[in-house]
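Q: Structure in structure tokens, see below.
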Amino acid sequence: MRGRSLRGGALATILFAVSGPPVAAAANPSFDCDRAKGEIETLICGDDELAALDVELAKAFAAAMSRAPASEVSLLRQDQSQWRKSRNECRRLDDIRGCTLDAYRKRLSEL
């Protein structure tokens with residue numbers, strides 16, 4: 001019996017060495033990471049907290065759109081597009097991640 005568990009342990013060691021440690025699940029933002037555009041979206045795709053904020057913001061934006069009168073929908077879309085551009089400017093700063101976090105938190109409070 002002892003020999004079996006030793007062989008099983010040896011097999012597990014070999015499998016671990018061949019396949020490596022388990023890989024953490026990738027972050028899942030509201031957009032397709034295979035089509036990430038630019039440094040900020042790439043950052044979001046690799047960061048669980050930013051990805052979660054992105055999903056939260058997408059939900060908040062959808063809710064805001066559903067509440068908005070028809071006459072304000074276009075303005076709301078423009079505002080979101082402008083916010084995205086300003087979020088992407090975080091790439092120019094030393095603390096890219098911190099700036100991106102702040103941008104999401106601020107936009108969530110606005111919506």
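The values are calculated or read from the model by the stated rules, or taken from the named source; none is laboratory data. None of the values given here were measured: they were computed from a predicted structure. Cβ atoms come from the backbone with ideal geometry, glycine included; neighbour counts cover every protein chain shown.
Q: Among residues belonging to the range 68-87 that are among the charged types (D, E, K, R) and within 16 Å of Leu108 (Cβ to Cβ), point out the one that is surrounded by the fewest Cβ atoms within 10 Å (Cβ to Cβ).
A: Arg84
Q: In the range 24-64, how many are assigned to a loop (DSSP other than H, G, I, E, B) and in contact (Cβ under 8 Å) with a residue 24 or more places away in the chain?
A: 5
Q: Just the residues that are within 17 Å of Asp102 (Cα to Cα), surrounded by 15 or more Cβ atoms within 10 Å (Cβ to Cβ) and out of contact with any Leu (no Cβ under 8 Å at 6 or more places or on another chain), please, taken from the range 27-44.
A: Matches in the range 27-44: Ile40, Glu41.
Q: Another question about this same structure. Looking at this structure, is Ala27 among the small types (Gly, Ala, Ser) and at pLDDT 95 or above?
A: When the stated conditions are applied, Ala27 does not pass them.
Q: Go through the range 65-97 and count every residue that is in a helix (DSSP H, G or I) and farther than 22 Å from Asn28 by Cβ.
A: Result for the range 65-97: 18.
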